[in-house]
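Structure, as structure tokens:
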Amino acid sequence: PCESNAQATSKLWGTQGEHWSAESRLPDHSRAGYHSGDRDIPDVAVVADVKDFGAVGDGKTDDSVAFQTAIDQTEQGAILIPPGRYVLTAQLQIRKPNLVLRGSGRDQTILYIPKSLLEVQPREGFVAQGVAKHHYSFGSAFVQIRGDDGLERISGLERPSSRGSSILVCETAGDLAAGEWIQLRQRLDEDLGRHLHAGQNAGKDTLSRTRQIEWVARVVSVGGKELQLDRPLRIDARPEWKAVVHRYRPTVQEVGIEGLTFEFAGKPKKKHLLEEGFNAIQITNVMNCWVRNVRFIDADMGVKIGKTRHFQGEDFEFAEKKRTGRTGHHAIWVVSNSQDCLFQRFRIETTYVHDLSVEGFAQGIVFSDGSGRSINLDHHRSGPFENLFTNLDVGDPKRLWRSSGRGDRGPHSAARTTAWNIRHSGGDVDEPNRIRRMFPLINIIGIEGYAEKTDDLLGPWIEPNAKAPPDLYQAQVKRRKASEKR
């Protein structure tokens, strides 16, 4: 075929990844999602029904206690929520593995939440940097899933390993065995902060307290002191950064929420940072969990995940019913060393202050095959790195890179943020603010409206016309699985 008919490819990837390596400026996203993308989310067998615990679903009766009782008394399996409108006025807590809350479809099962967290659990506001704020603006939710890392210290590192390597050399491998998971923890200091940000300072506040950069991987084999892992390092691992390998055994896995709608009261949204907590789901410190086929109506916050690995969120819809304008604070919010999580097939049919947010060393997060009215890719500082936004239709691009976060928390992003094949409705396309400093080593591939730039090896890499492959995440998964068969 003549060249003009073929989609242009990127010099960073090529047609099937022939230009790519794990050490390159284009990160590896091939293991994002539930069980590293190697298993489909299961259809867990139903073992209980909320109506057996007293839930009514008539839109009037408070069903909070019935729901929590069902959660507490069901050891494992799926709890069915039949068609109905269920009133919740208290937080639901899930702190154990192997449990699914399954509605009967988002048009059939409605969780109606008439009061905010501030109304049901009052807390005093606070003032920081001279600005009035409220705790529920920053988190907590009506459904909370929480676990623990289950860490056991194994060893420090005997020698450094470079980004792109899949080998760690420990002082001792202890009794680690193939198939187990490890967490590598490195203590943030100014030097590691600059490494994360490709030479930029990590920010006064980011460096002001003890923070660990965490990364998990599966052990493929153990040879003496050497661990062969299933994935390449996203940053260097160095003994001088107090690098320590732990056995990683998260206590909460295999928890899912699916097939339902969260509908909030629709009271007008409070001012930014004073939101009163119409928050749907918060997930903390878990692995291999999921939320799918869920609608969020008039929510301050849709889904927030922190310290969470291999989460998968799919088929989300964010909508407005009574609210207008900026109807919420965060739609999808990923923080606190969350790693290799996947969000796909989402629609944001309203406008949040922050639509897709990454912050706090969130790494390897993939946003794929989503669309919305006017999506912004909010990079909220404190070192989010190597995150991918691919195959998205963002609608009006005028706020595409509109990012927040306090100025003393460093650049908006740490190294190697990647945006790949992002379609929009035309007009003025928002450009990253002070791109070289605020988005070090950013890759912008296949977004029309920018000038090409591929000559600055320490700056942004921009190829506006390279549209193939259309979804970098899918292409990387395909390449990995093909190479594993060889």
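Can you find, within the range 457-482, the residue that is nearest to residue 358 (Cα to Cα) among those that are exposed (fewer than 15 other Cβ atoms within 10 Å of the Cβ) and at pLDDT below 95? Here the answer is 458. Of the residues making up the range 307-352, those that are in contact with an Asp or Glu (Cβ under 8 Å, 6 or more places away or on another chain) and farther than 25 Å from residue 386 by Cα are 317, 318, 319, 320, 321, 322, 323, 327, 328, 349, 350. Taking the conditions exactly as written (in a strand (DSSP E or B), at pLDDT 95 or above and assigned by TED's automatic domain parsing to the domain that holds residue 468), does residue 408 satisfy them or not? When the stated conditions are applied, residue 408 does not pass them.
Rundown of residues vs (1) among the aromatic types (Phe, Trp, Tyr); (2) closer than 22 Å to residue 339 by Cα, yes/no style:
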residue: 419; (1), (2): no, yes
residue: 427; (1), (2): no, no
residue: 430; (1), (2): no, no
residue: 435; (1), (2): no, no
residue: 450; (1), (2): yes, no
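Within the range 4-40, the residues that satisfy the criterion of being surrounded by 13 or more Cβ atoms within 10 Å (Cβ to Cβ) and outside any loop (DSSP other than H, G, I, E, B) are 9, 34, 35, 36, 37. Condition first: of a type in the set (Asp, Glu), crowded, with 22+ Cβ neighbours inside 10 Å and touching a Gly at 6+ places or on another chain (Cβ under 8 Å). Can you find one or more residues in the range 383-393 that meet it? Checked against the condition, which is being of a type in the set (Asp, Glu), crowded, with 22+ Cβ neighbours inside 10 Å and touching a Gly at 6+ places or on another chain (Cβ under 8 Å), the range 383-393 yields at least one hit. Residue pairs whose Cβ atoms lie under 7 Å apart, sitting 6 or more positions apart in sequence or on different chains, and linking a residue in the range 33-60 that is under 30 Å from residue 341 (Cα atoms) to a partner that is basic (Lys, Arg) and assigned to a strand (DSSP E or B), are 41/292; 46/102.
On the stretch given as the range 41-68, residues that are among the β-branched types (Val, Ile, Thr), buried (at least 16 other Cβ atoms within 10 Å of the Cβ) and not in a loop (DSSP other than H, G, I, E, B) total 1. Of all residues in the range 76-94 being within 28 Å of the chain's Cα centre (by Cα) and outside any strand (DSSP E or B), which is nearest to residue 254 (Cα to Cα)? Result: 76.
Need at least 1 residues that are within 26 Å of residue 113 (Cβ to Cβ) and either more than 19 Å from the chain's Cα centre (by Cα) or among the hydroxyl-bearing types (Ser, Thr, Tyr) (or both) per element, so show me which strands (runs of 3 or more DSSP E) inside the range 210-293 make the cut, counting only ones lying wholly within it.
Details: elements: 212-223, 226-229, 244-247, 256-264, 279-284.
So the answer is 256-264, 279-284.
Run down 281, 257 and say which single residue is surrounded by fewer than 24 Cβ atoms within 10 Å (Cβ to Cβ) and modelled with pLDDT of 95 or more.
Values: 257 fails: surrounded by fewer than 24 Cβ atoms within 10 Å (Cβ to Cβ).
Answer to the selection: 281.
When the range 439-456 is limited to residues that are more than 17 Å from residue 397 (Cα to Cα) and over 27 Å from the mean Cα position of the chain (by Cα), the one that is surrounded by the fewest Cβ atoms within 10 Å (Cβ to Cβ) turns out to be 455.
Exactly one residue out of 402, 416 is part of a loop (DSSP other than H, G, I, E, B), in contact with a Lys or Arg (Cβ under 7 Å, 6 or more places away or on another chain) and crowded, with 16+ Cβ neighbours inside 10 Å, and it is 416. If I filter the range 303-315 down to residues being touching a Gly at 6+ places or on another chain (Cβ under 7 Å) and under 20 Å from residue 113 (Cβ atoms), which single residue comes out as surrounded by the most Cβ atoms within 10 Å (Cβ to Cβ)? Selected residue: 303. Would you mind stating whether residue 113 is modelled with pLDDT of 95 or more, in contact with an Asp or Glu (Cβ under 9 Å, 6 or more places away or on another chain) and aliphatic (A, V, I, L, M)? Yes; evaluated as a whole, the condition is true for this residue.
The values are calculated or read from the model by the stated rules, or taken from the named source; none is laboratory data. Computed from a predicted model, the values in this text were never measured in an experiment. FYI the Cβ positions are ideal-geometry reconstructions off the backbone, even for glycines, and counts take in every protein chain you see.
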